[in-house]
1. Which residue, 70, 177, 162, tops the fluctuation ranking in a GNM of the chain built on C-alpha contacts under 10 Å?
2. Using a Gaussian network model on the chain with a 10 Å cutoff between Cα atoms, which of 68, 60, 203 fluctuates the most?
3. If each DSSP helix of 4+ residues adds -39,500 (n - 2.57) and the sum is divided by the residues in the chain, what number results at 222 nm, nearest 500 deg cm²/dmol?
4. What's the exposure ranking of 32, 13, 161, 136, going from fewest to most Cβ atoms within 10 Å?
5. With everything on Cα atoms, drop me the angle between helix 140-154 and the longest principal axis of the chain, reported from 0 to 90° to the nearest 10.
6. Could you check the simple spin-label distance between residue 202 and residue 120, using points 7 Å along Cα→Cβ, in nm with one decimal?
7. Label-point separation (nm) for residue 187 and residue 213, each offset 7 Å from Cα along Cα-to-Cβ?
8. Please order 211, 45 by the number of other Cβ within 10 Å, starting at the fewest.
Ligand code: E4P
């Protein structure tokens with residue numbers, strides 16, 4: 001499964017990228033606003049670091065404006081993917097953009113049928129939001145499982161990005177469900193490799209080795 005960073009924080013992106021683990025980045029208006037920098041500058045900086053798709057989200061509401069903005073965003077860098085909201089205007093924009101060869105990521109997907117429509121419209125990616133569904137007592141994982149099933153049955157090439165990931169278990173669950181990608185908040189990614197038993201085991205190895213060396217010197 002591919003790992004994307006759901007952040008626009010350059011330090012977080014560099015940290016994961018330096019490990020060779022980063023396959024892409026996703027941003028949205030909230031994530032960009034959090035950094036407090038110029039939008040275009042930040043997206044271009046991210047695109048120069050990451051050897052993979054970087055999603056930048058349109059802020060327009062109607063199809064014509066979304067399409068115009070998408071053309072502008074996709075000119076910022078070769079690896080820009082345009083994020084389009086799951087609305088009627090958004091679906092229409094995705095149809096137009098896919099015919100122009102502009103890659104799209106349909107965001108704010110909360111039902112399997114929404115995801116299917118996005119795939120039929122020609123979306124490169126769909127982003128089901130796990131955490132926000134879990135928050136209202138529904139199952140984000142179930143949505144990913146349904147999308148996987150529908151896309152496999154009908155042979156849709158659209159890749160599924162598990163979004164709104166809240167904890168490490170989400171990552172494990174979507175990997176088991178055959179999800180193509182998980183986009184994970186930057187602060188959560190280090191938690192994927194950390195484990196208290198690894199730290200404890202390492203401390204024991206170090207202590208035992210130091211004792212062994214001490215005895216050897218006698
Ligand atoms: C997806 O691309 C979105 O940026 C993101 O995953 C939203 O997550 P949130 O529910 O934590 O805001």
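Bear in mind these aren't lab numbers, they're just calculated from the coordinates by the rules spelled out. Computed from a prediction, not measured in an experiment: that's the story for all the values here. Neighbour counts are summed over all protein chains in view; Cβ atoms, including those assigned to glycine, are modelled from backbone coordinates with ideal geometry.
1. Of 70, 177, 162, the most mobile in the Gaussian network model is 177.
2. 203
3. Numbers: 11 runs with 117 residues, N = 218.
Taking each H run of at least 4 residues, the total per residue is -16000 deg cm²/dmol.
4. Working: 32 18, 13 21, 161 31, 136 7.
The order, fewest Cβ neighbours first, is 136, 32, 13, 161.
5. So the inclination is approximately 60 degrees.
6. The two pseudo-label positions are separated by 5.1 nm.
7. In this crude spin-label approximation the distance works out to 3.8 nm.
8. Working: 211 10, 45 17.
So the ranking, lowest neighbour count to highest, is 211, 45.
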